[in-house]
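The block underneath contains the structure these notes are about, expressed in structure tokens.
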Amino acid sequence: MLSVLSYGRLVARAVLGGLSQTDSRDYSLITASCGFGKDFRKGILKKGMCYGDDACFIARNRNSDVLGVADGVGGWRDYGVDPSQFSTTLMRTCERLVKEGRFTPSNPVGILTSGYFELLQNKVPLLGSSTACILALDRRSHRLHTCNLGDSGFLVVRQGEVVHRSDEQQHYFNTPFQLSIAPPGSEGVVLSDSPEAADSSSFDVQLGDIILTATDGLFDNMPDYMILQELKKLKTSNYDSVLQTAQSIAKQAHDLAYDPNYMSPFAQFACDNGLNVRGGKPDDITVLLSIVAEYTD
């Protein structure tokens with residue numbers, strides 16, 4: 001049902017709610033992951049931080065912490081293609097680039113671009129599409145650099161309020177921006193966006209800030225106020241608390257996804273587009289929950 005990943009000896013000497021940014025200490029992220037695969041994949045974590053067709057990574061480098069999520073486009077299954085292969089390969093490639101130091105923390109779009117072009121040049125045939133969201137924390141400058149392509153995304157919560165969030169990118173209803181590799185001769189038919197089309201942002205973070213990064217399986221089933229209610233339960237910044245809260249959020253989203261009487265954010269969006277839809281949206285769900293903490297090696 002869940003997977004957890006933590007790097008290094010991180011001491012969270014932060015008070016939830018944020019502290020002054022006048023100090024010169026390095027910051028880092030304490031991150032836990034949790035997720036669910038949809039339908040018959042429920043409760044199964046595939047190898048390589050992959051829940052169903054979703055994939056994710058958490059990586060550290062000498063000067064930064066980087067994490068990402070990707071949501072494989074399920075429609076490829078109709079053509080005999082496993083949608084998880086594209087998202088998983090993309091996230092594994094981005095993770096390797098980070099660990100090898102082949103990136104700039106202030107440019108997560110560069111990580112996504114390099115990872116995508118490695119896939120395009122891969123000698124092993126790979127077909128598919130996925131959305132992608134990558135966040136990089138520069139430890140010394142205390143700045144978080146982000147890029148988001150499609151309808152995965154992130155929230156930054158401080159003192160119980162959302163202070164930053166990603167912008168969703170949709171071509172039209174339920175058709176997000178996505179990176180793709182099409183079969184030969186079908187390049188003009190398959191929807192494919194450039195990684196440079198990703199929405200980017202950079203901003204300062206504070207000790208105790210909570211960062212929630214997730215695929216659309218979360219955001220389509222839980223509105224902000226529900227997410228904030230769960231985050232209020234996070235009373236301390238130790239890893240076990242982060243993990244427990246990530247689990248609680250992912251499970252609630254999963255339960256709501258299968259509630260036929262619930263008016264989910266996805267159902268509301270569908271109604272706004274002229275469709276008579278009610279209930280949750282069954283989908284793969286991936287949640288990465290992070291807290292900004294003081295870094296100790």
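The values are calculated or read from the model by the stated rules, or taken from the named source; none is laboratory data. Being a predicted model, the structure only gives us computed values, none of them experimental. Ideal geometry is used to build each Cβ from the backbone, glycine not excepted, and the neighbour counts take in all protein chains shown. Side chains are part of the model used for accessible areas, which takes the heavy atoms of the whole protein and leaves out ligands, DNA and RNA. Shrake-Rupley method; radii C 1.70, N 1.55, O 1.52, S 1.80 Å.
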Could you list, in sequence order, the residues of segment 236-252 that are touching a helix residue (DSSP H, G or I) at 6+ places or on another chain (Cβ under 6 Å) and either in contact (Cβ under 8 Å) with a residue 40 or more places away in the chain or among the aliphatic types (A, V, I, L, M) (or both)? I249
Would you mention how many residues in segment 173-198 are among the acidic types (D, E) and at pLDDT below 95? 1
Residues in segment 262-273: is at least one touching a residue at least 40 places away in the same chain (Cβ under 8 Å), open to solvent by less than 10 Å² (accessible area, probe 1.4 Å) and not in a helix (DSSP H, G or I)? yes
Given the conditions (1) open to solvent by 50 Å² or more (accessible area, probe 1.4 Å); (2) at negative phi; (3) modelled with pLDDT under 95, and given that S237 satisfies all but one, which numbered condition is not satisfied? (1)
Quick one: count up the residues across segment 240-260 that are within 28 Å of H171 (Cα to Cα), open to solvent by 50 Å² or more (accessible area, probe 1.4 Å) and not acidic (D, E). 2
Among the numbered criteria (1) within 20 Å of L119 (Cα to Cα); (2) in a strand (DSSP E or B); (3) not aliphatic (A, V, I, L, M), which single criterion is violated by H164? (1)
Check G153, G74, G80 and return the single one that is out of contact with any strand residue (DSSP E or B) (no Cβ under 7 Å at 6 or more places or on another chain) and either touching a residue at least 12 places away in the same chain (Cβ under 8 Å) or buried (at least 24 other Cβ atoms within 10 Å of the Cβ) (or both). G74
